[in-house]
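Colleague: Encoded as structure tokens, here's the structure I'll be asking about.
The values are calculated or read from the model by the stated rules, or taken from the named source; none is laboratory data. What you are looking at is a predicted structure, and each value in this text was computed from that prediction instead of being measured. Every residue, glycine among them, receives a Cβ derived from its backbone with ideal geometry; neighbour counts consider all protein chains shown.
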Amino acid sequence: MGRYVLLSLGWIFLGIGVIGMVLPVLPTTPFVLLAAACFMRSSERIHSWLVTHPIFGKQIADYLAGKGLRLRTKIVAIGTLWASIIASAIWVVPYLIADAVMVAIAAWVTAYILRLPTASPLYASTE
């Protein structure tokens with residue numbers, strides 16, 4: 001049962017990541033990495049397909065190899081995160097405590113992304 005839940009979540013996360021390629025407020029990389037993690041634990045064949053995919057595979061391969069994320073990916077992820085948090089806090093969420101929780105989570109995610117190694121342009125896979 002757990003395998004099918006992870007497989008389903010993997011496809012959902014990958015779908016959100018693909019949508020994030022065209023929607024500027026939705027980051028692609030975190031969802032693709034989540035999809036890869038789900039596939040790694042549920043389907044070796046799909047995980048291999050995703051890691052070798054011409055669009056998504058290079059970022060995942062760099063991350064899994066310990067090279068980290070490219071600087072551009074970090075900037076886009078953090079920028080998109082904060083833009084969506086600020087927009088949500090101003091126009092969508094009317095509760096101050098919820099806004100504070102969103103900002104705290106965004107700060108934690110930002111710190112996590114900044115602590116990841118930055119893939120060197122010489123060693124990172126090219127897009």
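Colleague: Quick one: which of 10, 66, 15 is modelled with pLDDT of 90 or more and surrounded by fewer than 17 Cβ atoms within 10 Å (Cβ to Cβ)?
Modeller: The match here is 15.
Colleague: Scan segment 49-70 residue by residue and report those that are in contact with a Phe, Trp or Tyr (Cβ under 7 Å, 6 or more places away or on another chain) and over 19 Å from residue 116 (Cβ atoms).
Modeller: Within segment 49-70, 50 is the sole residue that qualifies.
Colleague: Looking at segment 73-95, which of the residues that are among the small types (Gly, Ala, Ser) and in contact with a helix residue (DSSP H, G or I) (Cβ under 9 Å, 6 or more places away or on another chain) is modelled with the lowest pLDDT?
Modeller: Filtering first and then ranking leaves 77.
Colleague: Next question, about the same structure. Considering only segment 68-116, state which residues are of a type in the set (D, E, K, R) and without any contact (Cβ under 8 Å) to a residue 24 or more places away in the chain.
Modeller: 72, 99, 115
Colleague: Do we have residue 41 as assigned to a helix (DSSP H, G or I), of a type in the set (Lys, Arg) and exposed (fewer than 13 other Cβ atoms within 10 Å of the Cβ) here?
Modeller: It is false that residue 41 is assigned to a helix (DSSP H, G or I), of a type in the set (Lys, Arg) and exposed (fewer than 13 other Cβ atoms within 10 Å of the Cβ).
Colleague: Can I ask one more? Let me confirm something: among 104, 98, 35, which residue is at pLDDT 85 or above and surrounded by 17 or more Cβ atoms within 10 Å (Cβ to Cβ)?
Modeller: Being at pLDDT 85 or above and surrounded by 17 or more Cβ atoms within 10 Å (Cβ to Cβ) holds for just one of 104, 98, 35, which is 35.
Colleague: Which of the following residues is β-branched (Val, Ile, Thr) and either surrounded by fewer than 16 Cβ atoms within 10 Å (Cβ to Cβ) or under 22 Å from residue 109 (Cβ atoms) (or both): 22, 51?
Modeller: Only one candidate qualifies: 22.
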